[in-house]
Amino acid sequence: MDQAENLRKMVKEQTSPRTVARVITVTSGKGGVGKSSISVNLAIALSRLGNRVIILDADFGLANIEVMLGIRPKYNLADLMFHGKSLSDIITLGPDNIGFISGGSGIQELTNLTRDQIVYLIQKLVELDEKADIIIVDTGAGIADSVLEFVAASSEVLLVATPEPTSITDAYALLKTLNRKTDISLQDTVIKMVANRIDNYEDGKELYDKLSLVVNKFLNLKLEYLGALPQDASVSKAVMKQKPAMVLYPNSHFSKTLTTFANILCENTSDQIQSKKGIAQLFTNLLRSRIKK
């Protein structure tokens, strides 16, 4: 048995049959659509429902999560991989007991990992599965390979779009690029669209219908609808104050709607999501081409 097969066997043994974290990847076709704000506030809403939630900031080099929380982490993923820090060292505590991990440069350097480093990373991420019920991965925006790889490796994806024409076309471009990549299979991936900054809920459904129509017609994948988040001044106010809207404005339309989303997600017990393998499996999928070398 070669080393790659040994690694796959190790991950399978360590992620089954025990309970592993549910991984929700949040992404978008373009920047500036509120993706990171949704990640942070959804994490708080899920935590308030009794879940242990950790955010992994995979938006390379931009540190959006820590800026929105107004918290500067002492260590990041690179410190775990290259500077001898433990998993507990790199998890920073945020509001409502959510944790978050800053990607730093560690994720960018994954393509250069040795096999031994890959084994080490997977082993550490198995520990992360034990520390969280839900892990939210906040990706970068657009169709960069790093974003596409995270989305393709995930079993559950939230695709954020706004009514702006550029947001809609870029969201479709992201899905089209994923669909065209021959080395990517989306058969086990559930993609749910979130319509953000909507004037009314009917407009959100109309936005989804437009995108879903072209997706169903031209792409070999299914797009589901989670719901619409209203245009809400409290969100931009919270961002300026570097505090989550769920904390500063818990009774705002935005916060109440995200609470509804959290309830919907927690009620979702489909076989597809129940068959999840956690964050360790996500990174195994992400590094599969490297493992096979």
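The values are calculated or read from the model by the stated rules, or taken from the named source; none is laboratory data. Nothing here was measured: the structure is a model prediction, and the numbers come from that model. Quick reminder, even Gly has a Cβ in these numbers, built from the backbone with ideal geometry, and neighbours come from all protein chains shown.
What number of residues within the range 209-246 are of a type in the set (V, I, T) and farther than 18 Å from N179 by Cβ?
Of all residues in the range 209-246, those of a type in the set (V, I, T) come to 214-215, 235, 239.
Filter again for farther than 18 Å from N179 by Cβ, leaving 235, 239.
Going through the range 209-246 one residue at a time, the tally reaches 2.
Yes/no matrix, rows are residues, columns are (1) touching a residue at least 60 places away in the same chain (Cβ under 8 Å); (2) surrounded by 16 or more Cβ atoms within 10 Å (Cβ to Cβ); (3) in contact with a His (Cβ under 8 Å, 6 or more places away or on another chain); (4) among the β-branched types (V, I, T):
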position: D199; (1), (2), (3), (4): no, no, no, no
position: E202; (1), (2), (3), (4): no, no, no, no
position: N216; (1), (2), (3), (4): no, no, no, no
position: L223; (1), (2), (3), (4): yes, yes, no, no
position: G227; (1), (2), (3), (4): no, yes, no, no
position: K237; (1), (2), (3), (4): no, no, no, no
position: K243; (1), (2), (3), (4): yes, yes, no, no
position: N251; (1), (2), (3), (4): no, no, no, no
position: C266; (1), (2), (3), (4): yes, yes, no, no
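Would you list the helices (runs of 4 or more DSSP H) that sit entirely within the range 151-246 and hold 2 or more residues that are under 30 Å from E66 (Cβ atoms) and within 18 Å of the chain's Cα centre (by Cα)? Steps first, answer last, please.
Numbers: elements: 165-180, 201-218, 233-240.
Qualifying helices (runs of 4 or more DSSP H): 165-180.
Of the numbered conditions (1) part of a helix (DSSP H, G or I); (2) modelled with pLDDT of 75 or more; (3) of a type outside the set (S, T, N, Q), L110 satisfies every one except a single condition; which is it?
(2)
Out of the residues in the range 5-34 that are assigned to a loop (DSSP other than H, G, I, E, B) and out of contact with any helix residue (DSSP H, G or I) (no Cβ under 6 Å at 6 or more places or on another chain), state the one that is modelled with the highest pLDDT.
Filtering first and then ranking leaves G34.
Which of the residues belonging to the range 116-167 are basic (K, R) and either crowded, with 22+ Cβ neighbours inside 10 Å or modelled with pLDDT of 85 or more (or both)? Show your work before the answer.
Narrowing the range 116-167 to residues basic (K, R): 124, 131.
Of everything in the range 116-167, just one residue is basic (K, R) and either crowded, with 22+ Cβ neighbours inside 10 Å or modelled with pLDDT of 85 or more (or both), namely K131.
Tally time: how many residues in the range 71-107 are touching a Ser or Thr at 6+ places or on another chain (Cβ under 7 Å), modelled with pLDDT under 90 and outside any helix (DSSP H, G or I)?
Qualifying residue count for the region: 1.
Name, by its number, the condition in (1) at pLDDT below 95; (2) in contact with a helix residue (DSSP H, G or I) (Cβ under 6 Å, 6 or more places away or on another chain) that does not hold for Q272.
(2)
Is it the case that the range 178-194 has a residue that's touching a residue at least 60 places away in the same chain (Cβ under 8 Å) and surrounded by 21 or more Cβ atoms within 10 Å (Cβ to Cβ)? Steps first, please.
So the first thing to find is which residues in the range 178-194 are touching a residue at least 60 places away in the same chain (Cβ under 8 Å), and the list is 183, 188, 190, 194.
Pick out the ones that are also surrounded by 21 or more Cβ atoms within 10 Å (Cβ to Cβ) and you get 194.
Looking for residues that are touching a residue at least 60 places away in the same chain (Cβ under 8 Å) and surrounded by 21 or more Cβ atoms within 10 Å (Cβ to Cβ), one finds at least one in the range 178-194, hence yes.
With the structure loaded, tell me whether L46 is aliphatic (A, V, I, L, M), touching a Cys at 6+ places or on another chain (Cβ under 8 Å), at pLDDT 80 or above and closer than 26 Å to T260 by Cβ or whether it fails that test.
On the way: aliphatic (A, V, I, L, M): yes; touching a Cys at 6+ places or on another chain (Cβ under 8 Å): yes; at pLDDT 80 or above: yes; closer than 26 Å to T260 by Cβ: yes.
Yes: the conditions hold for L46.
Here are some conditions: (1) farther than 23 Å from S37 by Cβ; (2) over 18 Å from the mean Cα position of the chain (by Cα); (3) touching a residue at least 24 places away in the same chain (Cβ under 8 Å). D116 meets all but one. Which one does it not meet?
(3)
Does D129 satisfy being over 21 Å from D79 (Cα atoms), in contact (Cβ under 8 Å) with a residue 12 or more places away in the chain, among the charged types (D, E, K, R) and in contact with a strand residue (DSSP E or B) (Cβ under 9 Å, 6 or more places away or on another chain)? Spell out how you get there, then give the answer.
On the way: over 21 Å from D79 (Cα atoms): no; in contact (Cβ under 8 Å) with a residue 12 or more places away in the chain: yes; among the charged types (D, E, K, R): yes; in contact with a strand residue (DSSP E or B) (Cβ under 9 Å, 6 or more places away or on another chain): yes.
No.
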